[in-house]
Amino acid sequence: MERIGSRNDITAFFRDLKKGQPIRMLIAPAAAQCFADFPRVLGFLWEQGVVSFHPVLPFADIAVWVYYTMLRENPEARFITSACVGMNRLLEERFPQFGGALPRVYSPLLCAARYLRGYKKLNGSFAFLSPCALKWKEFTTPEGEELVRYNVTIDALNRWFEANPADLSRYEPCFPETGENGHGLTLAAFGSIGKSLEFLFPEITSRVEQGTADSLAYLSGGIMEREEGPFVFEPYACPGGCSNGAGIGKKRTSGDIGFLKCRPSTAREDVVGLFSRFERELAVGDFQYGQTMAGTGQTAAAG
Ligand code: SF4
């Protein structure tokens, strides 16, 4: 049974590829662990017409940079990170007393889409190879920008291959480039936004909580008031977080995530150096809700 509010766009995705529409694919970190030969799955999708592939994890650095900028402006800030669309919607719609602590920073997925569209000027539509049945809820911003169009859940793509068997050995493996910092210097290295910020600001404490019941219990128990000093609460709706999202299904490979393997550690000066470059090259407002593309002088949906 599917979760209420779930959406999977695999039918529209393949239909529009067949029509020759230019579609680029953003890739969740969990995807590589859910297919037996992920590079050849990408090779297959490339043959179907996907124009390019972009792992999302490196773009988490932009999201962490936005939080970093907020904390530099307000060192005593206490907030809830807004990376989980399920928790965001729950807090906004049913627990507005906590929703006010959401700073409305784009998720790593939306940072990726906005950067690639607004700064790299990539045209076409974006699909997300997604662990999340609810992720579509954030694809179009409240300002009406459609940053991502298709929620292609990992489970749906695996089931599509079961219904449409393909000899993947016929396809060239595809290895998308990730840039000079591999899969990034923050989320890839520290595993959470809060831990990344703790690394940058030793006076900060953070707590990651997974599952709505436990997350709400902490919020109802007053964690935002009880913790002293600057504090980051990072709740995820799914028990086990996004790597156990409702769009993943049961299929898992041996755990070798191959070319999506994360960097095990990083150096503070590397992160601060990267963020200094972001300050020169990006506009922080471009990665927050309620803003237009100040950095590029155009809307993110253009192109
Ligand atoms: S934790 Fe679950 S609901 Fe939240 S973004 Fe990840 S997959 Fe989606």
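The values are calculated or read from the model by the stated rules, or taken from the named source; none is laboratory data. Just so we're clear, the structure is a prediction, and the values are computed from it rather than from any experiment. Heads up, the Cβs are rebuilt from the backbone with ideal geometry, glycines too, and the neighbour counts pull from every protein chain shown.
For the stretch 154-207, filtered to residues that are polar (S, T, N, Q) and not in a loop (DSSP other than H, G, I, E, B), the residue that is nearest to Met25 (Cα to Cα) is Asn158.
Number of residues in the stretch 147-189 that are free of Cβ contacts under 8 Å to residues at least 12 places away in the same chain and acidic (Asp, Glu): the value is 4. Looking at this structure, is Thr153 among the hydroxyl-bearing types (Ser, Thr, Tyr), away from the ligand (no atom under 16 Å from the Cβ) and surrounded by 16 or more Cβ atoms within 10 Å (Cβ to Cβ)? In short, no.
Residues being more than 16 Å from the ligand (Cβ to nearest atom), modelled with pLDDT of 90 or more and not aliphatic (A, V, I, L, M) are entirely absent from the stretch 239-250. Under the condition of being touching a residue at least 60 places away in the same chain (Cβ under 8 Å) and surrounded by fewer than 17 Cβ atoms within 10 Å (Cβ to Cβ), the residues counted in the stretch 126-143 number 3.
Within the stretch 105-131, the set of residues being within 16 Å of the ligand (Cβ to nearest atom) and of a type in the set (S, T, N, Q) comprises Ser107, Ser130.
Every listed requirement among (1) closer than 18 Å to Ser243 by Cα; (2) within 15 Å of the ligand (Cβ to nearest atom) is met by His183 save one, (2). Can you tell me which residue in the stretch 29-55 is surrounded by the most Cβ atoms within 10 Å (Cβ to Cβ), limited to those that are modelled with pLDDT of 95 or more and hydrophobic (A, V, I, L, M, F, W, C)? The selected residue is Leu42.
When Thr141 is tested against (1) within 22 Å of Tyr67 (Cα to Cα); (2) within 14 Å of the chain's Cα centre (by Cα); (3) polar (S, T, N, Q), only condition (2) is not met.
Residues that are within 14 Å of the chain's Cα centre (by Cα) and not small (Gly, Ala, Ser) occur in the stretch 164-183; there is at least one.
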